[in-house]
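For reference, the structure is listed below as structure tokens.
Only the coordinates and a few stated rules stand behind these numbers; no lab work does. These figures come from a predicted structure and were not determined experimentally. Positions of Cβ are backbone-derived with ideal geometry, glycine not excepted, and every protein chain shown enters the neighbour counts.
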Amino acid sequence: MDREPPKNSLDAYWMPFTAQRQFKGGPRNFVSAEGMYLTTADGRRVLDGVSSMWCCNAGHNRPRIVEAIRAQAGELDYGPSFQFGHPKAFELANRLVAMMPGGLKHVFYTNSGSESVETALKMALAYHRVRGEGSRTRLIGREKGYHGVNFGGMSVGGMVANRKMFGTLLTGVDHLRHSHGDPRNAFARGEPAFGVEFADDLERLVALHDASTIAAVIVEPVQGSAGVIVPPQGYLKRLREICDRHGILLIFDEVITGFGRLGTPFASQYFGVEPDLVTTAKGITNGTVPMGAVFAQTKIYEAFLQGPPNAIEFFHGYTYSGHPLACAAALGTLDTYEEEGLLTRAAELAPIWADALHGLRGPKVADVRNIGLMGAVEMAPGAEPGKRGFEAFLKLHEAGLLCRVTGDTLAFAPPLIAEHSHIDFLADTVGKVLKTLD
Ligand SMILES: Cc1ncc(COP(=O)(O)O)c(C=O)c1O
């Protein structure tokens, strides 16, 4: 039986990661954005305290990016991505790899962070196979990790709510213990002092499964979605050493940390650790056009270049890999980052940022964490876990500040164009809202 759908119903749109009933009882729509601010449907300005979803690193509506997209749409709107290319895809690839350390000199385009993760995991498996180590099929993630929502990323991910509804996921996956929760690390500024030995958990998994079965380890250098969990001092270096010892590839998921979040172009440079593969998205186009990119070491790229010259070397790709609009947006984004020195600006702001966040320490606050221009305020849970966090999130929105919330943790990562006054407003507003919570 045909049923006329209700006109302008809010129900037609099944929203991602959203409390549908709560939202639809009082929608929070944004209608425009400029610089550090978003504007709501009822005309209120909201300070973007988290670069929207950790992606608008240069702020909103930036002229070079908008113009690049506009011009590209009228020139080459789309072209096939398999067996054909277009000049901006190559120009962008060269600009991107120039920002990467060492041998990370090849880049594969995707459309999101989730797709970047799937791509990197497939590269790791296929890499071992093309060089005759096809027994290396296991993938290792980490508890509390977030690597997007597709099956590979969910499987290596370690946030239970994102996994438990979706069956048995990929087989042959294991997880490192997370490094969070040592009370001696509470309110640490930057990298906490305790917990480097959590990296040794990889040795436990090697002893259990044998190195000859393990293809790769994937970690976020800083765990973003779980609430800005900063790695203990020396942790990532030790993970690199253990991977090297056992021929295991190390993948950094830099979907959040890439493009200046820590005050260096990538977290890899911040921590002085060179991974084998790096996944990115978000900041690559300043959030304007969906795009992701996976960076690969030359040894990985070159291992695939075998067989007859007309044979496809890597059976993987997306209709929209290297989409012309995305490439144009990314070039406009890199120009903006460069012209305004944004990829290192977080380093200048970091001390002020740390002071502002740690100034919020108080009765309802269980922890404050910060690194570069990202940070989190973890509230002590109220009567029901997550309730206080969500209430704070809604109150902050009402008070003109956008943040992300995970359980009772509020996460912040303002655009890299932030001025001191924006950071002051952010901290003041959080402080005021904290006082109103039960
Ligand atoms: C570290 C990390 N990896 C992957 C993803 C997934 O990205 P997307 O939502 O673009 O698929 C995210 C998203 O927040 C992320 O933070």
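Helical runs (DSSP H, four residues minimum) scored at -39500 (n - 2.57) apiece and divided by the length of the chain put the mean residue ellipticity at 222 nm at -10000 deg cm²/dmol. Taken about its Cα centre, the chain carries a charge dipole of about 640 debye when Lys and Arg each add +1 at the Cβ and Asp and Glu each add -1 at the Cβ. Count neighbours as other Cβ atoms within 10 Å of each site's Cβ, and list the GluC sites (Glu not before Pro) in segment 286-373 that are DSSP loop with at most 16 such neighbours. Passing sites in segment 286-373 are 313, 340.
The mean sequence separation of alpha-carbon pairs under 8 Å and at least six residues apart, normalised by the residue count of segment 234-389, gives a relative contact order of 20 percent.
Taking 0.36 nm per residue of separation and subtracting the Cα-Cα distance, full extension of the segment from residue 432 to residue 131 would add 102.5 nm. Each of residue 151 and residue 209 was given a label point 7 Å from its Cα along the Cα-to-Cβ line. The distance between the two points is 1.7 nm. Please report, to two decimal places, log10 I(q)/I(0) for segment 68-339 at q = 0.16 Å⁻¹ as given by the Debye formula with identical point scatterers on the Cα atoms and no solvent. So the normalised log intensities work out to -1.26. Report the one residue of 283, 158, 114 whose Cα lies farthest in the direction of the positive end of the charge dipole of segment 68-339 (charges on C-beta: Lys and Arg +1, Asp and Glu -1; origin at the Cα centre). Working it through, the farthest residue towards the positive pole turns out to be 158. Here's how it looks for residue 249: its modeled amide H is under 5 Å from those of 216, 217, which are all 5 or more places away or on a different chain. For the chain, what is the percent of antiparallel DSSP beta bridges, rounded to the nearest 5? Here the antiparallel bridges make up roughly 65 percent for the chain.
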